[in-house]
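Have a look at the structure below before the remarks.
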Amino acid sequence: MATMQLEIITAEQQVFDDEVEMVVAPGIDGQLGILPHHAPLMTVLQPGEILIRKEGEDTYFVVSGGFMEVMGNRVTILADACEHSDEIDETRAQEAVERAKERIEHQDSDVQLEQVLASMRRAQVRLNAVRRRRTRGPRQPGAGDAGGAGSI
Ligand code: ATP
């Protein structure tokens, strides 16, 4: 099985560095599926899930935004924040949503509103990832490709 190198880094740490078979990431214009030897590409990422397929097993991370570069059979994701779906604290995300809702009711400037909406979006993506994971379970090796993967 062909592979490519995937590295995910934030300002704080290296989150992932390994050979993988496929990456699906939330590009600014929609989901982007990357296979080995993909053409060079650079894109902004929006808050969403990153699917990583390695040895037929799928792993999910949540990214809160950032950049993705594909070059020379190497994918580099520079993330604002990025957590493995198992590491997401559901209560914290739920509280962040509630806090954002309260702030929207009491917001007093457009700048603040944008920040609050962004924070709500991050928290909502984290919650969705945790909830989806409960119903999704691990993918079995040999099963079909990820649904919803966009351009390759
Ligand atoms: P909060 O308001 O709960 O702090 P936030 O959206 O402001 O959330 P970020 O600025 O996106 O948080 O991230 C700060 C750090 O906290 C990052 O390292 C991120 O991975 C981590 N983080 C944020 N929310 C969660 C969560 N619900 N579960 C686990 N880690 C989280």
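Can you compute the helix-only [θ] at 222 nm over the chain? Use -39500 (n - 2.57) per DSSP H run of at least 4 residues, normalise by all residues, nearest 500 deg cm²/dmol.
After summing the helix terms and dividing by the residues of the chain, the value is -10000 deg cm²/dmol.
Explain nothing, just the number: relative contact order of the range 88-133, from Cα pairs under 8 Å at least 6 residues apart, as a whole percent.
Values: 29 pairs, mean separation 25.1, N = 46.
Reported relative contact order: 55 percent.
Which angle between 0 and 90 degrees, to the nearest 10, do you get for helix 90-105 versus the longest principal axis of the chain when only C-alpha atoms count?
40 degrees
Working from Cα positions, state the angle (0 to 90°, nearest 10) between the long axis of helix 110-136 and the longest principal axis of the chain.
Tilt of helix 110-136: around 50 degrees.
Principal axis lengths of the range 4-85 from Cα atoms, whole Å, largest first?
26, 24, 21
Tell me, what % of the accessible area of the chain is carbon and sulfur with a 1.4 angstrom probe?
49 percent
Using the heavy atoms of the protein chains alone and a 1.4 angstrom probe, what is the accessible area of the chain per residue in square angstrom?
Each residue of the chain exposes 57 Å² on average to a 1.4 Å probe.
Ranked from the most accessible area to the least, with a 1.4 Å probe and all protein chains present, what is the order of 88, 50?
From most exposed to least exposed: 88, 50.
Give me the orientation-averaged projected area of the Cα convex hull of the chain, in nm², one decimal.
Result: 9.6 nm².
For q = 0.21, 0.22, 0.30 Å⁻¹, what log10 I(q)/I(0) does the range 88-133 give under the Debye formula with an equal point scatterer on each alpha carbon and no solvent?
Log-scaled intensity ratios, in q order: -0.63, -0.67, -0.99.
Between residue 136 and residue 86, what length in nm is gained on full extension when 0.36 nm per residue of separation is reduced by their alpha carbon distance?
Working: separation 50, 0.36 × 50 = 18.00 nm, distance 1.30 nm.
Taking 0.36 nm per residue and subtracting the Cα distance, the gain is 16.7 nm.
What is the magnitude of the charge dipole of the range 1-115 about its Cα centre, with +1 placed on the Cβ of each Lys and Arg, -1 on the Cβ of each Asp and Glu, and no other charges, expressed in debye to the nearest 20?
I would put it at about 380 debye.
The values are calculated or read from the model by the stated rules, or taken from the named source; none is laboratory data. Note that this is a predicted model, so its numbers are computed, not measured. Heads up, the Cβs are rebuilt from the backbone with ideal geometry, glycines too, and the neighbour counts pull from every protein chain shown. Keep in mind that these areas ignore ligands, DNA and RNA; they rest on the heavy atoms of the full protein, side chains included. Shrake-Rupley method; radii C 1.70, N 1.55, O 1.52, S 1.80 Å.
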